Amino acid sequence: MQRTNKMTYIFLIPTIIVFLVLTVYPLLYVITASFFSMNYLQGTEWKFVGFQGYQELFQDSLFWVAFKNTIIFVVIAVSLEVFFGLMFAILFQKNFKGSAIIRSIVLLPMLLPPITVALTWKMMYEYDYGIINYFLTLVGLPAIEWLSSADWALFSIVITDVWQWTPFAFLIILASLQTIPKDLYESAAVNGASGFQAFRYITLPLLKPVILLVLFLRTIDTFQIFDKMYVLTGGGPGNATETLTFYIYRQGFRYFETGYATAATLVVVIIIVILSIGYIKSVYKSAYSR
Amino acid sequence: MHVELKSFSLNRLLRWTGIGFVILWTIFPIYWMLNNSFKKRVDIFTEQPSLLPFNPTLANYSQLIIEMDFLVTLKNSLIVAAISTIIVVAIASLSAYSLSRYNFKGKKLILLWVILTRIFPPITFVIPLYSLMGSAGLLNTQVALILAYVAFNLPFGIWLLINFFNDIPMELEESATVDGASPFQAYRKIVLPLVAPGIGATAIFTFITAWNEFLYGLIFVQSQELMTAPVTLSGMITEYLVLWGPMSAGGILSLLPMLIFVLFMQKTMVSGLTGGAVKG
Amino acid sequence: MQQKKNGLILLMMIIVMTIATACGNSSSEEANASNTDSQEATKLTFAAREGEMADAIKAVVPKYEEETGVEVEVVSMPFDQLKESVVLDIRNNGGAYDLTMIDDPYMPEFGEGDLLVKLDEYFPNGLDEDFLTQAVNLGKHPYESGELIALPLFGNVQLFYYRTDLLEKHNLDVPATWDDVVNIAETVVENEDNIYGYAVRGQRGNPIVSDYMPLFWAYGGTVLDENNQPQVNSEAGIKAMETYLKLKGLSPKGVESFNTDQIATSLTQGQVAMVIAWPSWVSQVDNEESSKVVGKVDLSAVPSQVSDSSAMIGNWMLGIPKSSQNVEPAVEFMKWITSPEIQKEMALDGGGAPTRISVYQDEELNEVYRHYPAQLEALQNSVARPRTPLWSQIEDTWGLYLSQILSGQLEVEEGLVKANEEIAKIMSK
């Protein structure tokens, strides 16, 4: 590792400027506001309330429902996305004629505007007019109340999210997969390892860092999920698809209870930081290990 | 030998079945959107869904392009996404290089700060950013959007690119510096070409995010002539009805430029991620 | 040497930044240019609700520009985002909008927050009597008695849609009470294949509240009593919910996530016999391009039960944000767009429900819109949603529990008691 020199700072100047200008004030604003009671629309004065906002938050049963739903959603969606991403990557690993085009096709869902993704799935999930139930009944299966049953709704949104974001995991894992030297597999085959053993003992360990990266990035993004609930179910039926960001959105932008909404935000941020602390630490380590 | 051959073709069969399923799964919703973009409202919801538009109409596309000026909207999206991508790449590569190469006080802080902005849900920054942009007189300009997208995509760029720089042996620049090159020359002439693929990947992800961003696009820009595509598309949810046809057509039109872009960048994307991702 | 290189890098960075800002500037210059223009030739920016209403406004605006030389830009936005953008702009004193549409239940919030220009001085004699009183009251803060802060722009009110062909076929009368509705729906479900008796609009939040409220009122319920205490779990509330659940049983499957679009779809596809809906759907129902039941649907005021028919009024109001720099030209525009001639024009364009009695009685319009007598009657008997700045929160909370009852997560009484407790908490904040 080279020692510090002037270049270090000069190279960092643009980033530091951007962040000083664009993020310091918002961060301070959010943190400060969380200790105050203030309604933005009513223009009420900032009243210092200490941790009262946090206290009210923890006493609101809807917040805990949102918390539970979000955790369930993140765990299922992110693990499915990474799992399918890995499977897809293995399937498309070999180069063949037209593989570039087919791989691009697999990436398509990620490129679509989220609002059209949500609306198109909403159309397909319709109970009577939806294409999915049509196919189900065609093959003799019972139709499902995808969005209107409290048992299914969250899972239906998981499916949509997995459809849209598996390509992200796929792309990053595929890239990493292609860097694994071929001779590793050849020598394993010579030693009589089965295909599964090669996967288990060669591929997976080498993919571990990139899988962690994808897990990290997807966890952050999935925690913020809100647009799909907003379009597909409005958080219902009942509280079945209430999520943390939806909760924050309503508090902050329908009621403009800015103080309370920022307190909720900080709680969410702290949860994400706790969940990803291991990952952040490992990056710190690798950044210093050189 | 015979057995091996059999298992080989079984593998092949399984693999191609798998590929078939993946393609079907991926393409069907998009096909459904395409199909609906050629239908009138009365034909979109029918008891027996039709897999082909049997009364095909271009009305949705003409409504979108002529009445809603969607091509102008796409142009706006392109400008904002392209410029913010260029800035993100320029800034993120410099910073990632520095963070990867040098040890200094405050390095941890910068890394944490950078990722923290990404962890905050973007909606929570709307109020403070709005007043910030307002006091700088930037509201209702594309600059406001570009700045916001830069701030939100920089973290991803920096965290991804650090991995790429980490993979390049430091000896390369050290020998160059010994030969009398300045650190910046070493960076530009030797290191930068080696991480070109990583830069491509950062560019693509930044571009996708900026292209599809909705919230800031809506809040920071008020004039119809500066509006970006996701904002126009969200307007398809009108007071009483969702304009399914134009919405589908808009999704398809908004996808086309991206598709061309991705086909074009496919190679960079895959090989680009290769370098950095290994280190995670 | 070293110094020189450093300078070079800085230069490069500056270039990048300049390019960036330059590219952005081209547009900001345009925007600035139009701002400076506004001092010479006035330009008004109008924040409108995306959809047919904004289209109707856009259709008449050129006429105004021609008559007065004042340029009017109509910016249309989705429902929630309209409120967000306008509030942000006013609070930051941005002055981006000179006119804004406001959904009537938000009026107390806007009034209480003092976000709109007070209009009494511009209308010293009040609004003329041609305007519907029910609509004008919504624009006063406090409701009915206070100062004028907005004009009624579009006069929406819920109406009851029913299939005349089905009623005739089974020898049934047009329903007068909710009991009738249940009976007719049962008859339809028993005797018809693939046609349901009713469709509830059950999505959580605003949809289910708007759909349930007419029943709640018809059974004699009041949301807030004279002491501002919630009464949603009253006897009336429970009976209304029980009827609502019966209607759900006679509705297509999946109504727990139905919003306006699905209601329109099930009606226009001929799947249901009766629904509560908004008047501007008539154009959809009567249009071959979007409907399979052209000429088979009629509409009336919403049925009653123990109380008289009580449809929910849902007007769109027109106000001037406090941050506007062009208040006087905006007032002139307001007067113009709410005038009888322009209301008629917008109505003919298909997007605007008028707020003036004379326009509802206009012969030419009555030939085009057969529902105008019913709509006028409904408006004159309409009830406004509770007038409190906390309405958004009450509506969301109530809607959450109604949705939980509808989807079977909670029992009727249990759910309504909880809803009442939560609403009481909101009121005591």
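The values are calculated or read from the model by the stated rules, or taken from the named source; none is laboratory data. Because the structure is a prediction, the values reported are computed rather than measured. Neighbour counts are summed over all protein chains in view; Cβ atoms, including those assigned to glycine, are modelled from backbone coordinates with ideal geometry. Accessible surface is based on the protein model in full, side chains and every heavy atom, while ligands, DNA and RNA are left aside. Shrake-Rupley method; radii C 1.70, N 1.55, O 1.52, S 1.80 Å.
Assorted remarks:
- Taken together, the residues in the stretch B:60-107 that are touching a Lys or Arg at 6+ places or on another chain (Cβ under 8 Å) and away from chain A (no Cβ under 14 Å) amount to 0.
- Those helices (runs of 4 or more DSSP H) of the stretch A:1-106 in which at least 1 residues are more than 10 Å from every other protein chain (Cβ to nearest Cβ), considering only elements entirely within it, cover A:25-33, A:52-59, A:61-91.
- Restricting attention to the stretch C:224-274, the residues that are in a loop (DSSP other than H, G, I, E, B), in contact with a Phe, Trp or Tyr (Cβ under 7 Å, 6 or more places away or on another chain) and either more than 20 Å from A:Ser149 (Cα to Cα) or of a type in the set (Phe, Trp, Tyr) (or both) add up to 3.
- Candidate set from the stretch C:47-62 (those that are in contact (Cβ under 8 Å) with a residue 60 or more places away in the chain and more than 9 Å from chain B (Cβ to nearest Cβ)); member that is farthest from B:Tyr240 (Cα to Cα): C:Val60
- Candidates in the stretch B:205-217 are the residues that are farther than 15 Å from A:Ala118 by Cβ and surrounded by fewer than 22 Cβ atoms within 10 Å (Cβ to Cβ); of these, the one that is farthest from the chain's Cα centre (by Cα) is B:Thr209.
- Members of the stretch B:203-230 that are free of Cβ contacts under 8 Å to residues at least 60 places away in the same chain, of a type in the set (A, V, I, L, M, F, W, C) and under 22 Å from A:Trp165 (Cβ atoms): B:Phe205, B:Ile208, B:Phe214
- Every pair of residues 6+ apart whose Cβ atoms lie under 7 Å, when the first sits in the stretch A:172-184 and is at the interface with chain B (Cβ under 7 Å from one of its Cβ atoms) and under 11 Å from A:Thr203 (Cβ atoms) while the second is in a helix (DSSP H, G or I) and at pLDDT 75 or above: A:Ser176/A:Leu207; A:Ser176/A:Val210
- Restricted to helices (runs of 4 or more DSSP H) entirely inside the stretch A:150-242, those with at least 3 residues that are modelled with pLDDT of 90 or more are A:153-177, A:204-223, A:227-232.
- For the stretch A:132-149, the set of residues classified as within 14 Å of chain C (Cβ to nearest Cβ) and either assigned to a helix (DSSP H, G or I) or in contact with a His (Cβ under 7 Å, 6 or more places away or on another chain) (or both) consists of A:Ile132, A:Asn133, A:Tyr134, A:Leu136, A:Thr137, listed by residue number.
- Complete set of residues in the stretch B:233-247 that are within 7 Å of another protein chain (Cβ to nearest Cβ) and of a type in the set (Gly, Ala, Ser): B:Ser234, B:Gly235
- Unique residue being open to solvent by less than 10 Å² (accessible area, probe 1.4 Å) and at pLDDT 90 or above when the list is C:Leu267, C:Leu224, C:Leu250, C:Leu245: C:Leu267
- Selection status of A:Met124, free of Cβ contacts under 8 Å to residues at least 12 places away in the same chain and touching a Gly at 6+ places or on another chain (Cβ under 6 Å): yes
- Look at the stretch A:251-273: where a residue is within 7 Å of another protein chain (Cβ to nearest Cβ) and a partner is of a type in the set (Phe, Trp, Tyr) and outside any helix (DSSP H, G or I), sitting 6+ places away or on another chain with Cβ atoms under 7 Å, you get A:Phe256/A:Tyr40; A:Thr258/A:Tyr40; A:Thr265/B:Phe120; A:Val269/B:Phe120.
- Every condition in (1) out of contact with any strand residue (DSSP E or B) (no Cβ under 6 Å at 6 or more places or on another chain); (2) under 26 Å from A:Trp46 (Cβ atoms); (3) crowded, with 17+ Cβ neighbours inside 10 Å holds for A:Tyr279 except the one numbered (2).
- Summed over the stretch B:108-136, the residues that are more than 26 Å from the chain's Cα centre (by Cα) and either more than 7 Å from chain A (Cβ to nearest Cβ) or surrounded by 19 or more Cβ atoms within 10 Å (Cβ to Cβ) (or both) give a count of 5.
- Residue within the stretch C:91-104 that is away from chain A (no Cβ under 14 Å), among the basic types (Lys, Arg) and open to solvent by 10 Å² or more (accessible area, probe 1.4 Å) present: no
- Annotation note: of B:Val221, B:Val195, the sole residue that is open to solvent by less than 10 Å² (accessible area, probe 1.4 Å), within 14 Å of chain C (Cβ to nearest Cβ) and not hydroxyl-bearing (Ser, Thr, Tyr) is B:Val221.
- Yes/no for B:Thr26 being at the interface with another protein chain (Cβ under 9 Å from one of its Cβ atoms) and farther than 30 Å from B:Ala144 by Cα: yes
- Residue check for A:Ser61: within 30 Å of B:Tyr31 (Cα to Cα) and of a type in the set (Gly, Ala, Ser): no
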